[in-house]
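Structure first, commentary second.
The values are calculated or read from the model by the stated rules, or taken from the named source; none is laboratory data. Everything numeric here is computed off the predicted structure, so don't read it as measured data. Cβ sites come from the backbone with ideal geometry, for glycine too, and all protein chains shown count toward neighbours. What goes into the accessible areas is simple: the full protein's heavy atoms, side chains included, and nothing from ligands, DNA or RNA. Shrake-Rupley method; radii C 1.70, N 1.55, O 1.52, S 1.80 Å.
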Amino acid sequence: MRLLTSPLRRMLSGLLNCCEREGGRPSKCCSLNPHHLLPRQNFSAKPTAAELVRYWHGVFEANRIPEAQESSEYIISYVLGAKTIHSLSASSLSNPLTSEQQQQVQWLSMKRLQRMPVQYVLGEWDFRELTLKMRPPVFIPRPETEDLVSLVLQKSQRSGSPAVNAGHRCPTAIPHPVILEIGCGSGAIALSLLNKLPQSRVIAVDKEEAAVNLTCENAQRLQLQDRIRILHYDACSGSWEQLLPWGPVDTIVSNPPYVFHEDMAHLAEEILSYEDLDALDGGNDGMRVIKKILALAPFILKDLG
């Protein structure tokens, strides 16, 4: 039989206007081709996880959804309470899904068909060892952002006052480092640093209220709220004194907008439809916010920061 054809068609009619409610931009994201929604495909009366992965992979592919296989796997895994399809046991993949699980898969998959990023579809995403809440339009941390966190951690371990050990000068970590993150988004960088540097404190700022609220929510969920100050602040117009609730900082970290303005229109539809474009638009030279951060640095960094 076909997989709940009528409910899916009803769901499609309701979702064609859902982009704006979900934080998307309807003129960009509502491009689903209904003729490619339901390929004729046979199922058992009670489809298994493996069957649904194959089915939705086919639907996503027919609608030219990027990463069709990964999208279907993440959605089915999430509904079954797993992080990835590979972490599910063979029996979990072969067991039929309940009606409620099937409906949840359909609802999430329909969102993906609207080109909503998987991170927003699931409402959460793993970043390093942390699981963070995600919702549009707050910028989604990219894999390379994890490299930035690693770089800051390495720098923190090497910095500080030199100590003498067996005749050699060995760098020791700053005992209570204060870190400033400009443009915190979901809090991925700030909270990862707090998690790895238990003696540290972080000031996290963002000019978007949605980002400030999401970072607050993630900090509370991870029980890191006592060591972080989260401020609504625009680096391009705010006063640097606002950034010093604990005095000068040891480190400034940021993943600022860097895309040339003329290149913004060529970004993926998922980005253009759902994410905060100001978090990517670096102006004509890609340096709009970077220049502001560099100008702020002498006023807020410690002498050896």
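So which of Lys83/Lys133; Lys46/Lys83; Lys155/Lys302 end up more than 18 Å apart by C-alpha? Intermediate results must be reported in sequence, preceding the final value.
Numbers: Lys83/Lys133 14 Å; Lys46/Lys83 23 Å; Lys155/Lys302 15 Å.
Distance filter (> 18 Å) returns Lys46/Lys83.
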What ³J(HN,Hα) values, in whole Hz, does the Karplus curve 6.51 cos²θ - 1.76 cosθ + 1.60 give for region 191-206 when θ = phi - 60°, with x put for Gly and Pro? 6, 5, 5, 4, 5, 8, 10, x, 9, 8, 10, 10, 9, 10, 10, 7
Testing the spin-label approximation: label points 7 Å from Cα along Cα→Cβ at Asp263 and Arg142. State their distance in nm. 0.8 nm
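Classify region 208-271 as rounded, prolate or oblate, taking a ≥ b ≥ c as the square roots of the eigenvalues of its Cα gyration tensor: rounded when a/c is under 1.5, otherwise prolate if a/b is larger than b/c and oblate if not.
Cα axes put region 208-271 in the oblate bin.
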If I ignore ligands, DNA and RNA and count only protein heavy atoms, how much of Leu148 is accessible to a 1.4 Å probe, in Å² to the nearest 10? 40 Å²
Hey, quick one: spin label on Thr131, modelled 7 Å out along Cα-Cβ, who in region 212-246 has an amide N within reach, i.e. under 16 Å? 218-223
Within the accessible area of region 257-305, what % is carbon and sulfur when the probe is 1.4 Å and the other protein chains stay in place? 62 percent
Accessible heavy-atom area order of Thr48, Thr84, Thr215, highest first, probe of 1.4 Å: Thr84, Thr48, Thr215
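Give me the number: length gained by fully extending Arg158 to Lys83, i.e. 0.36 nm times residue separation minus the C-alpha to C-alpha distance, one decimal in nm. Each step should come with its number before you reach the end.
Numbers: separation 75, 0.36 × 75 = 27.00 nm, distance 3.42 nm.
This chain segment gains 23.6 nm when fully extended.
Over the Cα atoms of region 70-146, compute the convex hull volume and normalise it per residue, giving Å³.
On the way: hull volume 7.7 nm³, N = 77.
Measuring per residue, one finds 100 Å³ for the Cα hull of region 70-146.
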Taking H placed 1.01 Å from N in the peptide plane, check which residues at least 5 places from Ile230 or on another chain put their amide H under 5 Å from its amide H. Ala204
Once the whole set of protein chains is in place, how much accessible area is left on Ser237, using a 1.4 Å probe, in Å² to the nearest 10? 90 Å²
How large is the accessible surface of Phe139 in square angstrom, using a 1.4 angstrom probe and rounding to the nearest 10? 40 Å²
Considering only protein heavy atoms, with the full assembly of protein chains and a 1.4 angstrom probe, order Asp303, Asp147 by accessible area, largest first. Asp303, Asp147
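As a test of reading the structure, rank Glu275, Glu73, Glu144 by solvent-accessible area (1.4 Å probe, protein chains only), most first.
Numbers: Glu275 5, Glu73 40, Glu144 100 Å².
The ranking, largest first, comes out as Glu144, Glu73, Glu275.
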When only C-alpha pairs under 8 Å and at least 6 residues apart count, what is the relative contact order of region 172-275, in percent? 32 percent
